[in-house]
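> Below you'll find the structure I mean.
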Amino acid sequence: MLFPYKYVPHDMEKMQALIDFIFHEVWCKAPNTDYGLHLYESDAYLHEILDKIAKLDSAGKLEDGAAKFFYEGVNGIYNEFKKLDPTEIADYKAKFIANNKIEELCRGDADVTPSKYESLNPAKDKLNEKIGAFFKKLYSSGFFDLKFVKDVIGVTLADHYHSFVQKNDDCLCPFCGLQSLDGEYDPTRDAYDHYLPKGKYPFNSVNLKNLAPSCNKCNSGNKLEGDPLHDKAHTRRKAFYPFSLTQHDIAISVTIKEKVWSPLTPEKLSVEIHSVAFPDEAKTWIELFRIEKRYAAKCCSKNGGLHWKNRVLDEHKNYKLSRREMLYAEIQSATDSPWVASNFLKKAFLEACDRAGLFEPTEQEGSVP
């Protein structure tokens, strides 16, 4: 990850707050109480929402859709929790709490163990199945877009996105740096990536600290269901936390292997990425988002490396500069604004071209210091 996002506290944190309440105050207390609206009395938001759904159900108006999904999901899991003993409840509770410590999990803290669906109590298949059905669909179910839910919560994810991009106003995907994100004046918004995939990890699918806006190329084209916390051998690993307060020291270098391009292909160059402070996290990021391959492809594209190189070769005369003077001007401009137009990669690429001798002065220019 090139740089972390700034986390934006927001009323949409109520999504996870509602789930926290249901888990601790309803499901975990199921063996000792009967289900009813009284369980929600200490949470005004949930009580109003569940009261509305219960009235629809009593009137026979609870049609298939998000409200029914939520109502039946909460009740179904409650009924399975009633069958648990205190030790089993404590185990599920510990896994719920751990899976919502997103920063600690990314940091690889030894005392915070992530749990996948298959890590849940194997003797409770029916409960685990219901937990999976609920949490895998909760975010996309449309429940938080229901009018009466929005009226109670008072905000929507669109409101959060608007606040988010006001504070993260580079409007650039930090997972790749190649694609822009919709800004506050765009009529659309980019999708939120479940950084810890909701299909692998239960309990955190509506936790804003696990929801990071990302470009479609990163979210749907490269990361997909990739796991930041475990490598392909299922070994625990570290990953960048998307909302870290610490900046990342990512260094990118490009090497041109062949001076003659006909055409330039990824095989004729190499891209290397290093981080002194976060070597393990950088390795995870590179693998998850296929960064080195994507950067190599950008360097070989007409609107990437070929354009950057040709601009130096073609435009120096218009600015009445030597090739090398034009090169230095382009590198300085890229250095000053690294997150504009992939300048961070442009700088590394132009420096590689220079080392390969592609900007040697012509006879007409003579020797330029």
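> For the list (1) of a type in the set (D, E, K, R); (2) buried (at least 18 other Cβ atoms within 10 Å of the Cβ); (3) part of a helix (DSSP H, G or I), I need the number of the one condition that residue 193 fails.
(3)
> Kindly indicate the residue of segment 240-265 that is of a type outside the set (S, T, N, Q) and at pLDDT below 95 and also farthest from residue 354 (Cα to Cα) among those meeting that condition.
263
> Pairs needed: first member in segment 307-332, outside the structural domain of residue 264 (by TED's automatic domain parsing) and closer than 13 Å to residue 360 by Cβ; second member anywhere, in a helix (DSSP H, G or I) and modelled with pLDDT of 95 or more; C-beta distance under 9 Å; at least 6 residues apart or different chains.
Once the first residue is outside the structural domain of residue 264 (by TED's automatic domain parsing) and closer than 13 Å to residue 360 by Cβ and sits in segment 307-332, no partner that is in a helix (DSSP H, G or I) and modelled with pLDDT of 95 or more comes close enough.
> Does any residue of segment 255-277 turn out to be under 17 Å from the mean Cα position of the chain (by Cα) and either at positive phi or not acidic (Asp, Glu) (or both)?
Within segment 255-277, the first condition is being under 17 Å from the mean Cα position of the chain (by Cα), and the residues that meet it are none.
No; the residues of segment 255-277 include none that is under 17 Å from the mean Cα position of the chain (by Cα) and either at positive phi or not acidic (Asp, Glu) (or both).
> Next question. Any residue that is closer than 27 Å to residue 186 by Cα and assigned to a helix (DSSP H, G or I) - is there at least one of those in segment 135-143?
Yes: one or more hits.
Each row is one residue, and each column tells you yes or no for (1) touching a strand residue (DSSP E or B) at 6+ places or on another chain (Cβ under 6 Å); (2) loosely packed, with under 14 Cβ neighbours inside 10 Å; (3) of a type in the set (Gly, Ala, Ser); (4) not in a loop (DSSP other than H, G, I, E, B).
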site	(1), (2), (3), (4)
226	no, no, yes, no
242	yes, no, no, no
259	no, yes, no, no
262	no, yes, yes, no
271	yes, no, no, yes
274	yes, yes, no, yes
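> Where residues in segment 35-54 are more than 12 Å from residue 22 (Cβ to Cβ) and aliphatic (A, V, I, L, M), which of them is surrounded by the most Cβ atoms within 10 Å (Cβ to Cβ)?
The extreme case among them is 53.
> Further, regarding this structure: Spot the failing condition for residue 151; the list is (1) in contact (Cβ under 8 Å) with a residue 60 or more places away in the chain; (2) assigned to a helix (DSSP H, G or I), and only one is missed.
(1)
> Looking at (1) within 23 Å of residue 33 (Cα to Cα); (2) surrounded by 15 or more Cβ atoms within 10 Å (Cβ to Cβ); (3) among the hydroxyl-bearing types (Ser, Thr, Tyr), can you tell me which one residue 156 breaks?
If we test residue 156 against (1) within 23 Å of residue 33 (Cα to Cα); (2) surrounded by 15 or more Cβ atoms within 10 Å (Cβ to Cβ); (3) among the hydroxyl-bearing types (Ser, Thr, Tyr), just (1) comes out false.
> Now for a different question. Is it the case that segment 122-135 has a residue that's surrounded by 20 or more Cβ atoms within 10 Å (Cβ to Cβ) and under 28 Å from residue 4 (Cβ atoms)?
yes
> Then there is this: Just to be sure before I move on: is residue 341 out of contact with any helix residue (DSSP H, G or I) (no Cβ under 8 Å at 6 or more places or on another chain), outside any helix (DSSP H, G or I) and of a type in the set (Gly, Ala, Ser) in the structure I sent?
Yes: the conditions hold for residue 341.
> Can you tell me how many residues in segment 32-75 are in a helix (DSSP H, G or I), of a type in the set (Gly, Ala, Ser) and either more than 30 Å from residue 86 (Cβ to Cβ) or modelled with pLDDT of 95 or more (or both)?
4
> Moving on to the next point. Do any residues in segment 83-107 that are β-branched (Val, Ile, Thr) have Cβ atoms under 9 Å from those of residues that are surrounded by 16 or more Cβ atoms within 10 Å (Cβ to Cβ) and part of a helix (DSSP H, G or I), where the two are at least six apart or on different chains, and which pairs are they?
89/27; 89/30; 89/81; 102/209; 102/210
The values are calculated or read from the model by the stated rules, or taken from the named source; none is laboratory data. Just so it is clear, the structure is predicted and the values come from calculations on it, not from any experiment. As a convention, Cβ positions derive from the backbone with ideal geometry for all residues, glycine included, and neighbour counts pool all protein chains shown.
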